[in-house]
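**Student:** Before we start, here is the structure in question, set down as structure tokens.
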Amino acid sequence: MPELPDVEVYVESLSRRLSGARLERVRLKSPFLLRSVDPPISEVESRKATGFRRLGKRIVFEFEGDLFLMRPAGEGIPGRIGLAAFDFDRGALILTEAGTKKRASLYVVRGTEELTGHDPGGIEPLEAGLSSFRARLLDGNHTVKRALCDPRKFSGIGNAYSDEILHRA
């Protein structure tokens, strides 16, 4: 699963390429990818993407009408790893999952308040000061690695980058 630096790069790239683009159609390979029912996924179709952001390790697509699509014309969805295609007026964006555990999911939410409900509450490590980072790290009885990987403590840090942090320390 991508972690904070990777997701930041994806968000920057998507913003550059697709901000202002109209989402013409969403094609799901399996209905089990979509984990929300209201609003329906068809509500984001024919709307312009107004921006992109990161929520923990997830990419959030922002659309007109205060609609958000969380995770992340015409080419097919790749066989084994393809999950969904988002057909924008500027081209198609394909969602894939290379892992064998099939944990990917997609949510459609209406409004910032509902979007915030999906945030586990971890502090943003790139924005936190040393004292708040230290306090969050020492809150509770966990190993340093486990604390760094906990999305309720730190947003966007996973196993690979916690190893990098520990190695650097």
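Each reported figure results from applying straightforward, stated rules to the coordinates on display, with no laboratory input. Note that the structure is a prediction, hence the values are computed from the model and not measured. All Cβ positions, glycine included, derive from the backbone under ideal geometry; neighbour counts span all protein chains shown.
**Student:** Would you calculate a helix-derived [θ] at 222 nm for the chain, using -39,500 (n - 2.57) for each DSSP H run of n ≥ 4 and dividing by the full residue count, to the nearest 500? Don't jump to the answer; show the numbers that get you there.
**Tutor:** Details: 5 runs with 45 residues, N = 169.
Taken over the chain, the calculation gives -7500 deg cm²/dmol.
**Student:** Another question, if that's okay. What dipole magnitude, in Debye to the nearest 20, does the stretch 1-160 give about its Cα centre under +1 on Lys/Arg Cβ and -1 on Asp/Glu Cβ? Could the numbers behind the result be given before it?
**Tutor:** On the way: 26 positive and 22 negative charges, 126 e Å.
In total the dipole reaches around 600 debye.
**Student:** Given Lys29/Lys57; Lys29/Lys145; Lys57/Lys102; Lys48/Lys101; Lys101/Lys145, which pairs have Cα atoms separated by over 27 Å? Walk me through the numbers on the way to the answer.
**Tutor:** Values: Lys29/Lys57 23 Å; Lys29/Lys145 36 Å; Lys57/Lys102 16 Å; Lys48/Lys101 33 Å; Lys101/Lys145 23 Å.
Going by Cα-Cα distance, Lys29/Lys145; Lys48/Lys101 fall outside the 27 Å limit.
**Student:** Work through the residues other than Leu138 whose Cβ is under 15 Å from its Cβ and net out their charges, Lys, Arg +1 and Asp, Glu -1. Walk me through the numbers before you get to the answer.
**Tutor:** Values: positive: Arg134, Arg136, Lys145, Arg146, Arg152, Lys153; negative: Asp139, Asp150.
Here the count lands on +4.
**Student:** While we're looking at this one, here's another question. For the pair Asp89 and Val9, how long in nm is the line joining their label points, each one 7 Å along Cα→Cβ?
**Tutor:** 3.1
**Student:** So if I take the centroid of the Cα atoms in the stretch 1-63 and the same for the stretch 127-150, what is the distance between those two points in Å?
**Tutor:** After rounding, the separation between the Cα centres reads 29 Å.
**Student:** Where a ≥ b ≥ c are the square roots of the eigenvalues of the C-alpha gyration tensor, would you call the stretch 1-101 rounded, which needs a/c under 1.5, or, failing that, prolate if a/b is larger than b/c, or oblate?
**Tutor:** Working: a/c = 1.32, a/b = 1.07, b/c = 1.24.
Rounded.
**Student:** With r as the distance between the Cβ atoms of Ala98 and Phe32 and R0 = 22 Å, compute the FRET efficiency 1/(1 + (r/R0)^6) and round to 0.05.
**Tutor:** 0.80
**Student:** Is the stretch 70-169 rounded, prolate or oblate when judged by the Cα gyration tensor, a ≥ b ≥ c being the square roots of its eigenvalues, rounded requiring a/c under 1.5 and prolate requiring a/b larger than b/c?
**Tutor:** Values: a/c = 2.75, a/b = 1.87, b/c = 1.47.
Taking the square roots of the gyration eigenvalues as a ≥ b ≥ c, the stretch 70-169 is prolate.
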